[in-house]
Amino acid sequence: MLVTIEKVIPGGIGLARTEEHGALFVPYSLPGMEVEVKIVRPGKNFSWAQIVKVTKEAPGQVPAPCPFFGQCGGCAIQNASYEKQLEIKREIVADALRRVGKLEIEPLAPLPSPLSLGYRNKVDFSFKGKEIGFRPRESFDETLKIENCLLFDERHEKVLAGIRKLLGSKELQDEAKPDFLQYLTIRKSFADDNFLVILVTQAGEINRTAWLKAVQESFGESLAGFLWKRNLSKQEKKNEQDLIILSGQDYLHEKIGDLDFKVSAFSFFQTNSLGAKVLYDQVQEFADLKGTETVLDLYCGTGTIGQYLAAKAKEVIGIEINAQAIEDARENAALNNLKNCTYYAGAVKDVTLEHRDELAETEVIIIDPPRAGLDKKMRQRLCKFPNLKKLIYVSCDPVTLARDLMILQTYSFEIVKVQPVDMFPHTAHIENVTLLVKSG
Ligand SMILES: C[S@@+](CC[C@H](N)C(=O)[O-])C[C@H]1O[C@@H](n2cnc3c(N)ncnc32)[C@H](O)[C@@H]1O
């Protein structure tokens with residue numbers, strides 16, 4: 001069947017409409033592309049189809065730079081020029097605002113990422129038996145054997161090769177058991193040009209010397225630390241340590257603008273370190289602080305956004321559920337010599353209620369929730385700040401953003417601007433910074 005792709009929808013999947021089969025979801029296709037497809041999963045409201053042949057290229061189509069494009073679940077739109085990718089992302093946001101949010105506002109043109117390749121500061125590999133790689137699209141237990149990922153620093157190619165050599169050798173202990181090896185994370189500091197490697201396994205023992213050798217030989221001087229985390233039961237934790245430092249330290253140091261941040265092995269940090277500055281500059285521009293404001297930084301992670309604004313605020317109060325991230329946020333405030341930042345660990349809906357008197361002066365709130373967006377209680381809570389003037393919503397999901405904006409609008413918030421910021425080139429993900437003002 002021959003179809004023309006109409007648009008790319010959230011998740012990076014091309015959409016075509018046919019009389020016979022209704023909506024067709026076609027992965028790895030682009031708007032305007034003419035493709036011969038076969039239906040691989042028929043459905044009542046929509047069907048999934050696979051490209052058999054591209055009969056007419058899309059405007060802005062380019063050869064994908066990665067040989068694993070089309071197999072790996074990571075990059076959905078790598079076959080579009082970067083300019084075209086930004087256009088597609090703007091349309092994804094506009095479509096979500098229109099269809100999900102029933103909003104008339106048009107998003108601004110996306111701000112590009114400073115780097116379009118090698119921009120990630122974190123990569124997660126999974127294991128399948130003795131193989132290490134990425135999960136292919138729509139698979140939870142297969143592993144795609146890739147040599148390297150173009151979105152991350154090229155030096156990890158050597159570590160993958162070293163680990164494959166080790167796993168093929170006889171120097172193994174529990175590594176040979178099925179499902180013992182779970183995943184391997186590599187985090188990078190762009191400021192210090194060094195790496196933190198984290199191996200996660202089930203309970204058991206690894207050949208520590210051989211792993212150290214494989215990882216140290218690959219990264220050499222640029223290895224900041226190598227950690228081994230075992231997923232132990234409560235009972236096992238009584239007798240054994242779950243986190244073991246095999247070498248170096250258990251955190252990285254990163255910079256955003258002039259500020260320094262400690263990033264612990266398991267704390268959230270924006271995945272695109274250089275892009276984070278573009279994102280935070282946008283938040284700063286929307287906040288337009290005069291130095292007299294109390295700013296609330298909700299879902300604050302390691303305190304990065306609030307601290308980026310702190311020099312121009314009277315006070316910053318950050319709330320975050322991950323207690324380790326809050327410890328990092330406090331350390332970061334000290335590291336940056338910021339005396340006007342206070343942090344609370346806990347769920348935002350509980351802490352904002354518990355401290356409501358102390359937070360009554362808040363004039364600016366920044367929210368940066370996980371993909372699911374805000375829950376009903378939190379949306380309602382946002383209307384109860386008596387002095388609130390501005391709300392800046394940082395979102396990594398255009399669909400939940402559109403839903404939340406639609407509801408916030410009914411609570412007397414006016415949507416002023418939606419600025420997409422590309423933090424994830426080649427994927428269909430897009431971050432958005434939205435400025436809302438309290439109108440009543
Ligand atoms: C998208 S990250 C934002 C982090 C931070 N603003 C930054 O730019 O690095 C979302 C954060 O929300 C935290 N989180 C998730 N659910 C939460 C909740 N109910 N209450 C408070 N924090 C939560 C996560 O631990 C994570 O650090």
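Note on residue 191 and residue 173: the model spin-label points, each 7 Å out from Cα along the C-beta direction, lie 3.6 nm apart. Using only DSSP helix segments of four residues or longer, with each worth -39500 (n - 2.57), what per-residue ellipticity at 222 nm results for the chain after dividing by its residue count and rounding to 500? Only helices count here, giving -7500 deg cm²/dmol.
Largest GNM mean-square fluctuation across 284, 173, 324, computed for the chain with C-alpha springs under 10 Å, falls on 173.
Could you please report the charge total around residue 272, scoring K, R as +1 and D, E as -1 over all other residues with beta-carbon less than 10 angstrom from its beta-carbon?
With Lys, Arg at +1 and Asp, Glu at -1, the net is +1.
Need one word for the chain: rounded, prolate or oblate. Basis is the Cα gyration tensor (sqrt eigenvalues a ≥ b ≥ c); a/c below 1.5 gives rounded, then a/b vs b/c decides. Since a/c reaches 1.5 but b/c is at least a/b, the shape of the chain is classed as oblate.
Only Cα pairs under 8 Å and at least 6 apart count here; give the relative contact order of the stretch 2-61 as a rounded whole percent. Relative contact order here is 31 percent. Antiparallel beta bridges, as assigned by DSSP with both residues in the chain, represent about 70 percent of the total such bridges. As a rough footprinting exposure proxy, the listed residues 75, 383 were ranked by other beta carbons within 10 Å of their own, and the order from fewest upward is 383, 75.
Length gained on full extension, residue 141 to residue 231, computed as 0.36 nm times the residue gap minus the Cα-Cα distance: 30.6 nm. The residues 149, 72, when put in order of fewest to most other Cβ atoms within 10 Å, stand as 72, 149. To the nearest 0.05, what FRET efficiency results for residue 38 and residue 327 with a Förster distance of 51 Å applied to their C-beta separation? My answer for the efficiency is 0.45. Packing around the peptides 304-314, 26-36, taken as the average count of other Cβ atoms within 10 Å per residue, puts them in this order, highest first: 304-314, 26-36. Descending by average beta-carbon neighbour count within 10 Å, the peptides 42-55, 243-256, 84-97, 345-358 line up as 84-97, 243-256, 345-358, 42-55, the highest first. Placing unit charges on the Cβ atoms of the charged side chains and taking the dipole of the stretch 272-438 about its Cα centre, the candidate lying farthest along the positive direction among 325, 416, 343 is 416. Relative contact order, whole percent, for the chain stands at 13, derived from Cα pairs under 8 Å and 6 or more residues apart. Within the stretch 158-210, list the trypsin sites (Lys or Arg not before Pro) lying in a DSSP loop whose Cβ has at most 13 other Cβ atoms in a 10 Å radius. Sites meeting the loop and neighbour criteria: 170. Ranked by how many other Cβ atoms sit within 10 Å of their own Cβ, fewest first, the residues 378, 1 fall in the order 1, 378.
For residue 147, what is the net charge nearby, where nearby means another residue's Cβ is under 11 Å from its Cβ and Lys, Arg count +1, Asp, Glu -1? Around residue 147, the surrounding residues sum to +1. Ellipsoid fit via the Cα gyration tensor, the stretch 302-440: semi-axes of 23, 20, 14 Å, each the root of five times an eigenvalue, largest first. Residue-normalised convex hull volume from the C-alpha trace of the stretch 2-61: 71 Å³ per residue.
Rounded to the nearest whole Hz, the Karplus-based 3J(HN,Hα) values (6.51 cos²θ - 1.76 cosθ + 1.60, θ = phi - 60°) of the stretch 109-114 follow the sequence 5, x, 7, x, 6, x, with x at glycine and proline.
Since every read-out is calculated from the coordinates, none of them should be taken as a lab result. Keep in mind the model is a prediction, meaning the values are calculated, not measured. In this analysis, Cβ positions are derived from the backbone assuming ideal geometry, glycine residues included, and neighbour counts consider all displayed protein chains.
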